Structure formats: structure tokens, C-alpha cells
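Have a look at the structure below, then the notes.
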Amino acid sequence: MDNTMERWYSAIKSRVSIRKYVSGADSRELKRLKEAAKYFSTDEVRIVVGKKEGALSPLIGRSISGTDTFAAIICSHKELDYMVGMVGESFALECASMGLGTCWLGMGYNRSVVNSCIKFNNDKEKVRCAIAIGHFEETPAKKRMRKTVSNLTGLDDNAFKKLPDWQQSAINCGRLAPSAMNAQPWEFDILNDRQIQVANISKNFGYGEIDVGIAMLHIEVGAAHCGVYGDWEVSDGLPLFTVDESIEA
């Protein structure tokens with residue numbers, strides 16, 4: 001787990017969303033991606049990797065160019081959106097650590113083509129989001145502008161620097177989480193030296209809670225970078241990360 005989290009930590013620092021690719025995944029990579037998809041899937045949220053012409057060419061909106069490789073994030077209830085974000089971003093960071101580019105897609109894919117590649121388990125299952133995957137040559141010069149720590153936490157620089165190292169790392173990784181339209185629809189509340197709570201402040205075109213789930217995964221990775229681990233629970237409707245009692249945070 002430590003090696004995985006460190007690989008993801010490095011990926012968080014370097015990853016940007018890629019919309020222009022030079023090729024999709026080859027057969028060897030597809031096999032590895034499908035193994036990763038199976039590993040990261042849960043009983044409630046699963047990932048299916050596919051490759052089909054037209055899958056990333058939506059009927060409306062911007063399309064992805066240069067690849068037809070995708071991962072579909074599937075669940076049966078919208079109430080699972082936090083988990084959709086966490087599971088999907090685990091997979092996206094694993095892709096990034098393999099040297100592949102990725103881009104989360106809420107509506108920017110051809111749903112009928114993607115659906116044709118999936119064997120659904122029941123009538124309730126739906127593709128909630130997709131992730132484009134492929135090789136790329138040109139990386140955007142920098143990440144898109146992010147909200148400041150003060151905007152996200154309400155803390156000034158001095159107060160933030162007094163937090164335990166793991167909380168500073170967690171918040172900084174959370175800031176880099178991708179979100180629909182780069183809206184960053186969340187706030188991070190430091191409740192004490194062992195807890196961080198995340199508040200969803202916008203529906204963000206229906207993807208707000210998925211975005212929060214992505215940020216939750218980043219927070220967990222940032223904490224792990226400092227050797228700190230914990231668990232998530234939903235308290236009063238808000239995700240709450242609590243450090244293990246056995247760890248001196």
C-alpha cells in the first residue's frame with residue numbers, strides 16, 4: 001500500500017487532464033488496465049475498460065481526439081457518487097503512474113457506444129462517468145488555476161502552517177483534485193488534529209459529489225505520504241476523514 005500511495009502521490013503532483021492523444025492503449029496495456037479495473041472495483045462501484053471507435057465522440061460538446069480507449073465507472077445508485085469519485089480516481093492515478101494520460105468525462109463521451117461495450121448486471125446499473133485513456137506527446141504547460149488554501153479552508157497562511165504535516169499534505173493534494181469545469185465544488189474543514197471534513201458546496205451540473213469523492217481520495221493519498229492513515233465515514237451527510245488512533249498525527 002505504501003508503494004501504491006507514493007506512486008499516486010507523484011501522479012497527483014504531475015498529472016493534468018489530457019484531451020489530445022496520439023494513440024490509445026495497446027494490447028499489453030489493455031490487459032494491465034483491465035486487471036487494474038478489476039482490482040479497484042467494489043461490490044457497489046465497478047470499472048469496465050473498453051476500446052471502440054466513436055466511444056469518445058459525444059453527440060454534443062467537445063470530443064477527445066487520438067484515442068478510443070476508455071474506462072466506464074458503473075454504479076446502480078446515485079447515492080454512491082462519493083465512491084464513484086474515489087474508485088474512479090484510484091484507477092485514474094494508477095493509469096497516470098503507468099505513464100498514460102487520462103481525462104474524466106461526465107458527458108463528453110458517446111453513451112450508446114460505451115454502453116454497447118458493457119454487460120450490465122441489472123437494470124439499475126448505469127455508466128456514471130467515463131475516463132479517457134491514452135498516450136500523449138504534449139503536456140499542457142501548467143495545471144489550471146486552483147482555489148487558494150484560504151479559499152478552501154478559511155485559514156490564513158500562518159494558521160495553515162501550524163497544522164500537522166499530514167493535514168497540510170492532505171489539503172495540498174486535495175487542491176489538485178480534478179473536477180467538472182474545474183469548479184472545485186468543495187470546502188475542507190479542519191475539525192481537530194485528527195480529522196478533516198469535506199463539504200460539497202455545489203451540485204456542479206450533477207457531478208458535485210463525484211468531484212468530492214475524487215478530492216477525498218487525494219486527501220487520503222496526501223495523508224499517506226506523511227505515513228498517516230485513516231478511514232472515511234459520512235457524518236451528518238458530510239464525508240469525514242479520521243486518522244487511526246494508533247498513529248501519532
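Computed from the coordinates by the stated procedures, all read-outs in this text should not be read as laboratory data. Owing to the predicted nature of the structure, the values given are computational and were not obtained by experimental measurement. Methodologically, a virtual Cβ is constructed for each residue, glycine included, from the backbone with ideal geometry; neighbour enumeration extends over all protein chains shown.
Quick one: grab the alpha carbon gyration tensor of region 55-120, order the square roots of its eigenvalues as a ≥ b ≥ c, and give me rounded if a/c is under 1.5, else prolate or oblate depending on whether a/b is larger than b/c.
In terms of gyration-tensor shape, oblate.
Excluding residues fewer than 8 places away in the same chain, name every one of the lysines whose C-alpha is closer than 21 Å to that of K124.
Leaving aside lysines fewer than 8 places away in the same chain, those within reach of K124 are K38, K78.
By how many degrees, between 0 and 90 and to the nearest 10, does the Cα long axis of helix 208-225 differ from the longest principal axis of the chain?
Compared with the principal axis, the helix lies near 60 degrees.
Relative contact order for the chain: what is it in percent, counting Cα pairs under 8 Å that are at least 6 residues apart?
21 percent
Just rank F120, F136, F70, fewest to most, by other beta-carbon atoms within 10 angstrom.
Details: F120 13, F136 20, F70 29.
Ordered from fewest to most neighbouring Cβ atoms within 10 Å, F120, F136, F70 come out as F120, F136, F70.
Could you give each residue of region 150-155 its phi-based ³J(HN,Hα) in whole Hz, using Karplus coefficients 6.51, -1.76, 1.60 with θ = phi - 60°, and x for Gly or Pro?
Residue by residue, region 150-155 yields 4, 4, 7, 10, x, 9 Hz.
Indicate the gyration tensor shape class of region 17-134 (rounded, prolate or oblate), computed on the Cα atoms with a ≥ b ≥ c the square roots of the eigenvalues: a/c under 1.5 is rounded; otherwise a/b larger than b/c is prolate and the rest oblate.
On the way: a/c = 1.55, a/b = 1.21, b/c = 1.29.
The shape class here is oblate.
Quick one: H225, H135, H77, H218, fewest Cβ neighbours within 10 Å first, how do they rank?
Details: H225 22, H135 18, H77 14, H218 26.
Least crowded to most crowded, the residues run H77, H135, H225, H218.
Go through [x] 125; [y] 136; [z] 117 and flag the label whose value is the computed volume of the Cα convex hull per residue in Å³ for this structure.
Among [x] 125; [y] 136; [z] 117, the one calculated here is [x].
How would M145, M216 line up from fewest to most surrounding beta-carbon atoms within 10 angstrom?
Details: M145 8, M216 24.
Sorted ascending by nearby Cβ count, the order is M145, M216.
Could you derive backbone 3J(HN,Hα) for region 92-103 from the dihedral phi with the Karplus parameters 6.51, -1.76 and 1.60 (θ = phi - 60°), listing whole Hz in sequence and x where the residue is Gly or Pro?
4, 5, 5, 4, 4, 5, 7, x, 9, x, 9, 8
Could you tell me whether region 103-188 comes out rounded, prolate or oblate from its Cα gyration tensor? Rule is a ≥ b ≥ c as square roots of the eigenvalues, rounded for a/c under 1.5, then prolate if a/b exceeds b/c, otherwise oblate. Working shown, then result.
Numbers: a/c = 3.11, a/b = 2.03, b/c = 1.53.
Cα axes put region 103-188 in the prolate bin.
Tabulate in residue order the Karplus-calculated ³J(HN,Hα) for region 114-122, using 6.51 cos²θ - 1.76 cosθ + 1.60 with θ = phi - 60°, rounded to whole Hz; enter x for Gly and Pro.
Here the 3J(HN,Hα) series is 4, 4, 5, 8, 10, 9, 6, 7, 7 Hz.
So if the hydrodynamic radius of region 149-243 is defined as the Kirkwood radius over C-alpha pairs, what does Stokes-Einstein give as its diffusion coefficient at 20 °C and 1.002 mPa s, in µm² per second? Please report the intermediate quantities before stating the final value.
Details: Rh = 13.1 Å.
The calculation lands on 164 µm²/s.
Considering amide H positions built from the backbone, and no H for Pro or chain starts, which residues 5 or more places from R128, or on another chain, come under 5 Å of its amide H?
I73, I74, C75
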